[in-house]
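**Student:** The structure is given below, and queries will be raised subsequently.
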Amino acid sequence: MSFFRSHNDSVDVPGQRSQPPDDLSMIPAWSVVLAIAAFASMQYLVHFVLPHHKPDMLPMRLLMGYSWGTLFASYVLLVGYVSRDVKRRNMSPGLWMLIVIMMPGGIGAIVYFLLRQPILSRCPHCSTEIASSYNFCPQCQFQMAPVCGQCFRGVEITDVYCKQCGHDLQEDQVPARLKAFRD
């Protein structure tokens, strides 16, 4: 089993929405390698390249090396994550990578996370692209997720009563593909 999976790795179970990959698997291997290189380079820079004439400054050099190394490595991992996430959300990869890399102090990444588009999925009935948070397809009314029959809010497959209104979910006419998981 590989720790780093492709961003397309998801298990499709009939009658169930495919789950997006967890956030750590979204970091590409090239980004991890670059992050390790950035951390090691910062250690080399602080301990061997920069002048240090006073041996009593060793704790400060260690603190600075680890702090700056961690900062640069985290930034490289963030750039790698954005490079995969932007493709998954059907946004312009070149534009967003330029913004994330060129804006100072990680402001580009903050702007990206504030403005990114929701992840779209396809309705299995009519193939319309819809937000993954929708319970019903707006084109064909295909039920994408289990909902309460009284208030129509999303519920978990294992719930017996609605969390919002207290309705008994056993009374609802649940589609067979969703009911199979409850039984």
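Readers should treat all values here as calculations from the given coordinates under stated rules, not as data from a laboratory. Here the structure is a predicted model, which is why all the values come from computation and not from measurement. Using ideal geometry, Cβ is built from the backbone for each residue, glycine included, and neighbour counts are taken over all protein chains shown.
**Student:** Quick one: net charge around Tyr161, please, counting Lys, Arg +1 and Asp, Glu -1 for every other residue with C-beta under 12 Å from its C-beta.
**Tutor:** On the way: positive: Lys163; negative: Glu156, Asp159, Asp168, Glu171, Asp172.
Here the charged neighbours net out to -4.
**Student:** Moving on. How high is the FRET efficiency between Gln164 and Asp56 when r is their beta carbon distance and R₀ equals 45 Å, given to the nearest 0.05? Don't skip to the end; give the middle numbers.
**Tutor:** Details: r = 63 Å, r/R0 = 1.41.
Here the calculated transfer efficiency is 0.10.
**Student:** Highest first, please rank the peptides 25-36, 71-82 by the mean number of other Cβ atoms sitting within 10 Å of their residues.
**Tutor:** Peptide ranking by packing, descending: 71-82, 25-36.
**Student:** Can you report the principal axis dimensions of the stretch 121-177 using only the alpha carbons, biggest first, rounded to whole angstrom?
**Tutor:** If we take the Cα atoms of the stretch 121-177, the spans are 32, 20, 17 Å.
**Student:** Let me ask something else. Can you give the alpha-carbon Rg of the stretch 58-132 over 2.2 N^0.38 Å, where N counts its residues? Intermediate values should be presented prior to the final figure.
**Tutor:** Values: Rg = 17.4 Å, N = 75, 2.2 N^0.38 = 11.3 Å.
Working it through for the stretch 58-132, the quotient is 1.53.
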